[in-house]
Amino acid sequence: MISISHKIELKPNNKQKTYFRKAFGCARLAYNWGLAEWQRKYKKGEKVSIYDLRKTFNSIKKEQFPFVAEVTKFAVERPFFHLKAAFTKFFSDLKKGIVSYPQFKKKRDNFGSFYIGGDQVVLSDKNRNSKAFEKIAHNISCKKQYIKVPNLGWVKMTERVRYTGKINNVVISQNGDKFYVSFSMEITEKEYKRTHLYASKIKSHSVGIDFGIKSTLVLSDGIEVLNPKPLRRSQNRIKRLSRQLCKRSYAKTKQERQQGVGKSNNYKKLALKLCNVHRRVANIRYDFIQKVTTILTTNYAHVAIENLNTKGMMRNHRLAQAISDVSFYEIKRQIEYKSAYNEVLVTKADRFYPSSKTCSVCGNIKSELKLSDRIYHCSKCGAVMGRDYNASLNLLSLVTNKSVGMGYPELTPVDLTALFLCFERNGVATSKVETGIQHKSLIL
């Protein structure tokens with residue numbers, strides 16, 4: 001069985017949007033109440049159990065929080081398990097010297113989520129708010145589908161569920177003015193290959209991949225995947241909306257909200273516009289990473305990547321924004337999990353492996369290499385090539401088990417053309433790296 005997630009946009013009406021926001025608030029209330037109760041018991045020296053906290057909350061919710069009965073029971077039950085996971089992470093991080101104590105959730109406009117158990121999920125091909133209806137299984141092909149939300153009714157989805165399998169749970173969330181439902185499913189390997197056409201493709205080639213900022217990826221086959229830079233392209237608009245938003249009146253503290261200082265309509269409109277711009281930037285980046293990692297894990301049998309310290313790189317304030325726009329960690333994560341699904345081997349170089357400083361021709365290692373040096377010049381053999389392309393060849397040597405300087409396997413012209421067409425078909429900008437290696441005798 002293969003675990004997979006499937007996210008679909010919802011088209012709720014005003015009544016359904018109100019229900020969702022109530023459920024978001026109830027989930028936030030349960031989490032914050034559990035965290036506060038945990039802290040209170042811990043100060044008294046009492047033993048804390050998540051299950052005891054949930055039992056206590058269920059016993060008092062009818063008297064103190066009667067409004068939680070208006071939404072599904074899962075909205076106030078699941079946050080306690082999230083709190084348990086947060087404390088488990090906190091205690092494990094403490095052993096590593098990292099402090100990640102759980103924080104109270106803030107009320108944020110245009111954001112939120114709540115959980116629904118898989119046994120409560122029902123799908124239909126028609127709007128079943130009427131009396132006469134016939135439920136169908138979610139694997140039957142239909143143009144549109146509706147999902148039944150407990151205590152609410154049927155909500156329209158923009159597309160049907162694509163996979164046939166067991167639905168473990170569902171999470172309904174909001175981002176800006178959009179609402180989404182995310183299905184967590186278990187499908188068979190046969191179903192995965194049916195829905196992912198490239199999963200059963202025969203692969204025999206290996207590739208070394210070097211990460212960069214100007215070019216997101218540089219492959220050892222000479223292909224350079226250009227960075228779309230979604231954040232940089234939307235930076236001016238984000239700055240303009242942020243300046244305008246700062247000039248609008250809103251309640252900054254709880255005391256101001258109690259005094260009646262609320263958010264103006266102009267503030268809400270601008271906040272929604274800014275949120276939508278950020279969502280568009282994230283969607284462009286996410287779409288790009290999904291397409292590139294899918295192409296790589298369906299065209300190569302063995303992949304060698306860098307094990308970058310992304311968190312440490314983000315401390316450089318001059319490069320932090322550019323690095324976050326590329327999202328190295330997410331690219332590496334998706335390559336790893338998609339490779340496991342597509343039976344692709346992944347080799348991660350040691351974090352201190354000098355892939356950029358090592359000459360791929362003779363193996364000479366430079367003692368110093370500045371970030372501004374984009375062309376690699378070997379002082380021993382005289383080889384001259386692109387810095388990133390040289391690093392990708394060194395990473396490829398880890399896969400092929402060949403010593404540096406020996407011949408590297410390359411794609412045939414037919415395979416290379418097909419790979420370029422695959423990138424072009426998915427809207428990914430690429431260019432060809434000059435793979436020829438120049439020596440001193442050729443330069444003179």
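The values are calculated or read from the model by the stated rules, or taken from the named source; none is laboratory data. Note that the structure is predicted; figures quoted are calculated from it, not measured. Glycine also receives a Cβ, built like all others from the backbone with ideal geometry; neighbour counts cover every protein chain displayed. Each accessible area value is taken on the protein alone, full model and side chains, heavy atoms only, with ligands, DNA and RNA left out. Shrake-Rupley method; radii C 1.70, N 1.55, O 1.52, S 1.80 Å.
For the reader, a short list of remarks on this structure follows.
- For the condition outside any strand (DSSP E or B) and modelled with pLDDT under 90, residue 151 does not qualify.
- Neighbours by Cβ (under 8 Å, 6+ apart or cross-chain): first from region 154-183, in a loop (DSSP other than H, G, I, E, B); second of a type in the set (Lys, Arg): 158/11; 158/144; 159/144; 160/143; 160/144; 176/279
- Filter result for residue 189 (modelled with pLDDT under 90 and farther than 21 Å from residue 275 by Cα): yes
- In region 127-143, residue modelled with the highest pLDDT [restricted to those that are in contact with a strand residue (DSSP E or B) (Cβ under 7 Å, 6 or more places away or on another chain) and open to solvent by 80 Å² or more (accessible area, probe 1.4 Å)]: 129
- Sole exception among (1) outside any loop (DSSP other than H, G, I, E, B); (2) modelled with pLDDT under 75; (3) open to solvent by less than 60 Å² (accessible area, probe 1.4 Å) for residue 436, by number: (1)
- Of the residues in region 257-272, at least one is outside any loop (DSSP other than H, G, I, E, B) and either of a type in the set (Phe, Trp, Tyr) or within 17 Å of the chain's Cα centre (by Cα) (or both).
- Within region 331-360, tally of residues that are open to solvent by 40 Å² or more (accessible area, probe 1.4 Å) and either out of contact with any Ser or Thr (no Cβ under 6 Å at 6 or more places or on another chain) or in a helix (DSSP H, G or I) (or both): 14
- Some residue of region 28-43 being open to solvent by 40 Å² or more (accessible area, probe 1.4 Å), touching a strand residue (DSSP E or B) at 6+ places or on another chain (Cβ under 8 Å) and either of a type in the set (A, V, I, L, M) or at pLDDT 90 or above (or both): yes
- Residues of region 145-161 that turn out to be of a type outside the set (S, T, N, Q), open to solvent by 20 Å² or more (accessible area, probe 1.4 Å) and either touching a Pro at 6+ places or on another chain (Cβ under 7 Å) or more than 15 Å from residue 183 (Cβ to Cβ) (or both), as a count: 3
- Within the option set 350, 388, being modelled with pLDDT of 85 or more, within 18 Å of residue 219 (Cβ to Cβ), over 21 Å from the mean Cα position of the chain (by Cα) and acidic (Asp, Glu) holds for one residue only, 388.
- If the condition is being of a type in the set (Asp, Glu) and touching a strand residue (DSSP E or B) at 6+ places or on another chain (Cβ under 6 Å), then region 322-373 contributes only 336.
- Of the residues in region 51-70, none is in contact with a Leu (Cβ under 6 Å, 6 or more places away or on another chain) and either buried (at least 16 other Cβ atoms within 10 Å of the Cβ) or within 30 Å of residue 162 (Cα to Cα) (or both).
- Conditions (1) basic (Lys, Arg); (2) in a loop (DSSP other than H, G, I, E, B); (3) within 19 Å of residue 215 (Cβ to Cβ); number of the one not met by residue 291: (2)
- Every test in (1) at pLDDT 85 or above; (2) surrounded by 13 or more Cβ atoms within 10 Å (Cβ to Cβ) is passed by residue 261 save one, and that test is (1).
- Taking region 87-114 as the range and being open to solvent by 100 Å² or more (accessible area, probe 1.4 Å) and part of a helix (DSSP H, G or I) as the test, the residues that pass are 89, 91, 95.
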